[in-house]
Amino acid sequence: MKKNKNILLVEDDPSLADGLTINLEAAGYNIVHIARGTEVMKEFANGIFDLVLMDIMLPEKDGITLCKEIRATGSTTPVLFISARSETEERIEAILSGGDDFIAKPFDVDELKVRIHGIFRRIAWLNSDNTSPNEFNFDKCHVNFAQYLARGPKGEFKLTQKECLVLKYLIEREGKVVSRDQLLDAVWGYDVYPSNRTIDNIILKLRKIFEPDQKHPKYFETIRGVGYKFSVN
């Protein structure tokens, strides 16, 4: 029997936290709620969570700082940010800190559940070898999608889930031009995208890892006005 997913909810508004707990538990998730940023790493270390649902504006320590600390442990547990601020810069900062998604307050609980389901669905795709193997080699580079690891000319790097998803999507379409909108739809899967700049920043990270010369990319080619193409030839 498949176990229910465990979600760590980090939210200092008691009314919102109670409402989310009731709705998410009714949807079949196990919820552990904490209200203070300083409690996150201790709770995270003591539990096994499938997702962290975290406010950005928290007492004593903000969510973006906490996400960076979670990623510094080597954890790939997805982080879905919730925030009263919805500016593009904050969305980009949240994703670049290692976050997997962002939803602005006030939000519809049904939309939140769709976002959560989408995260778990994309993790299943990322870890599936039905379309492409969990490991991929090209030239002297190597990717392990199951372990979120990449090796290039400058050594080994830990990838975020979103970086893995973008990379896998491009690899599965080797030699084909992929638009930014296609990548955003595949990796985020909803209409309100974080920003095209988010994709551009992820491509820059992948070039930093894999390209011998970032100024003259060999594998991740920019197709001006359209998107990107991954090719090993």
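Each value in this text was obtained by applying a stated rule to the coordinates, not by laboratory testing. Predicted model, so just to flag it, every value in this text is computed and none were measured. Backbone-built Cβ (ideal geometry, glycine too); neighbour counts: all protein chains shown.
Got a sec to turn the phi values of the range 32-42 into Karplus ³J(HN,Hα) couplings, 6.51 cos²θ - 1.76 cosθ + 1.60 with θ = phi - 60°, whole Hz, x for Gly and Pro?
My calculation for the range 32-42 gives 10, 10, 9, 10, 10, x, 5, 8, 5, 5, 5 Hz in order.
Please give, to one decimal in nm, the separation of the simple spin-label points placed at D185 and E172, each 7 Å out from Cα toward the Cβ.
If labels sit at D185 and E172, their model points lie 1.4 nm apart.
Mind listing the phi-derived Karplus ³J(HN,Hα) values for the range 76-85, rounded to whole Hz, using 6.51, -1.76 and 1.60 with θ = phi - 60°, and x for any glycine or proline?
10, 4, x, 10, 10, 7, 10, 7, 6, 9
Give me the one-decimal nm value for the distance between modelled label points at D13 and M57, 7 Å along each residue's Cα-to-Cβ direction.
0.9
Taking only Cα atoms, what is the 0 to 90° angle, nearest 10, from helix 63-72's long axis to the longest principal axis of the chain?
60
Search the structure for amide H atoms under 5 Å from the amide H of K5, placed 1.01 Å from N in the peptide plane, and list their residues when 5 or more places away or on another chain.
N30
With a 10 Å Cβ neighbour count serving as the proxy for reagent exposure, in which order, fewest first, do D108, D62 appear?
Details: D108 9, D62 16.
Fewest to most other Cβ atoms nearby, the residues stand as D108, D62.
Just from its helices, what would the mean residue ellipticity at 222 nm be for the chain, if runs of 4 or more DSSP H residues each count -39500 (n - 2.57) and the sum is divided by every residue, rounded to the nearest 500 deg cm²/dmol?
Result for the chain: -12000 deg cm²/dmol, rounded to the nearest 500.
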